[in-house]
1. Out of the residues in region 50-74 meeting the condition of being loosely packed, with under 14 Cβ neighbours inside 10 Å and among the small types (Gly, Ala, Ser), tell me which one is farthest from Val165 (Cα to Cα).
2. One residue is enough: does region 22-29 have a residue meeting the conditions at pLDDT 85 or above, open to solvent by less than 80 Å² (accessible area, probe 1.4 Å) and of a type in the set (Phe, Trp, Tyr)?
3. Could you tell me whether Val88 is in a helix (DSSP H, G or I) and crowded, with 19+ Cβ neighbours inside 10 Å?
4. Determine, yes or no, whether Leu233 is part of a helix (DSSP H, G or I), open to solvent by 50 Å² or more (accessible area, probe 1.4 Å) and under 29 Å from Leu86 (Cβ atoms).
5. If we scan region 97-114, do we find a residue that is surrounded by 13 or more Cβ atoms within 10 Å (Cβ to Cβ) and acidic (Asp, Glu)?
6. Which residue out of Phe242, Phe172, Phe210 is within 30 Å of Leu76 (Cα to Cα) and assigned to a helix (DSSP H, G or I)?
7. Among all residue pairs at least 6 apart or on different chains, which show Cβ distances below 7 Å where the first residue, located in region 217-242, is at pLDDT 90 or above and the second is open to solvent by 50 Å² or more (accessible area, probe 1.4 Å)?
Amino acid sequence: MSSSTKTSEGRMPLREHLLEIRKRLFLVSCGLVAGAILGWFLYQPLLDALQAPLEKAAAEQGKVINLNFSGMATALDMKIKVSLFLGVIVSCPWWLYQLWAFITPGLTSKERRYAMGFLGASVPLFLGGAFLAWWVLPHAVDILAGFVPEGATNLTDAQGYLSFVMRLVLAFGLAFVLPVVLVALNFAGLVRAKALFAGWRWAVLIAFVFAAVMTPTPDALTMILVALPICLLYFGAVGIAFLRDRSTDKRDAAALAGA
């Protein structure tokens with residue numbers, strides 16, 4: 001076999017891999033665009049929902065707190081970003097599926113069923129994390145608005161506020177999906193449950209640091225309410241990994257005894 005043929009054969013898997021990535025990214029983009037189109041038509045209700053925490057804080061504290069559109073094109077830019085934001089949330093089942101579909105071609109039929117199970121867990125967890133962030137948002141706005149001096153006007157930059165909300169919602173959604181990723185790594189044989197459990201102190205610390213950073217409120221109660229479900233999901237993932245490892249070890253021991 002010539003060297004050129006070897007080179008061509010050696011490059012083929014990488015080329016197919018890159019083509020698969022391009023295909024999945026294209027499909028993800030199509031899903032985001034479809035969700036963004038829906039967001040375009042639902043822009044006003046979404047904007048009202050985003051402004052509701054500001055209006056509530058202003059009414060309760062007797063202050064002037066409004067969104068500020070600082071440039072001529074800011075309103076249009078805001079509408080596009082809000083539409084894309086809804087597109088990411090609405091299409092989460094689609095882009096999470098594309099993530100798992102990217103993995104499944106190299107898996108057995110049984111492993112593909114596991115992948116679909118991971119997808120079924122990822123979607124509600126992502127949406128649950130996003131909902132928790134949405135619940136935290138009014139509390140964060142109310143507490144932060146309390147630092148505005150009496151008689152002052154708080155003109156909140158619209159794009160800055162939207163970026164704050166998007167970061168909060170997406171970060172919480174992805175944080176809730178992380179335990180599913182840990183279970184997937186365990187099922188793939190890349191990490192053992194003992195290794196996951198050995199790092200539980202770091203996991204709890206990271207969960208509380210994440211909660212402290214992503215919930216810009218000074219009260220400890222909100223931080224605990226945010227960190228607690230993340231910790232519970234982590235230990236739930238460790239528990240599933242332990243059950244998986246015990247089953248795998250029994251199967252391997254039986255195979256060795258039979259040999």
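The values are calculated or read from the model by the stated rules, or taken from the named source; none is laboratory data. Note that this is a predicted model, so its numbers are computed, not measured. Counting neighbours? That spans all protein chains shown, and the Cβs are built from the backbone with ideal geometry, glycine included. Heads up: the accessible areas ignore ligands, DNA and RNA and are worked out on the full protein's heavy atoms, side chains in. Shrake-Rupley method; radii C 1.70, N 1.55, O 1.52, S 1.80 Å.
1. Among those that are loosely packed, with under 14 Cβ neighbours inside 10 Å and among the small types (Gly, Ala, Ser), it is Gly62.
2. Looking for residues that are at pLDDT 85 or above, open to solvent by less than 80 Å² (accessible area, probe 1.4 Å) and of a type in the set (Phe, Trp, Tyr), one finds none in region 22-29, hence no.
3. Answer is yes for this residue.
4. Criteria not met by Leu233.
5. Checking region 97-114: at least one residue is surrounded by 13 or more Cβ atoms within 10 Å (Cβ to Cβ) and acidic (Asp, Glu).
6. Values: Phe242 fails: within 30 Å of Leu76 (Cα to Cα); Phe210 fails: within 30 Å of Leu76 (Cα to Cα).
Criteria check complete, one pass: Phe172.
7. Within 7 Å, the pairs are Val238/Phe197.
Conditions (1) in a helix (DSSP H, G or I); (2) of a type in the set (Ser, Thr, Tyr); (3) within 29 Å of Ile80 (Cβ to Cβ), marked per residue:
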site: Leu155; (1), (2), (3): no, no, yes
site: Phe164; (1), (2), (3): yes, no, yes
site: Leu168; (1), (2), (3): yes, no, yes
site: Val177; (1), (2), (3): yes, no, yes
site: Val180; (1), (2), (3): yes, no, no
site: Ala184; (1), (2), (3): yes, no, no
site: Val191; (1), (2), (3): no, no, no
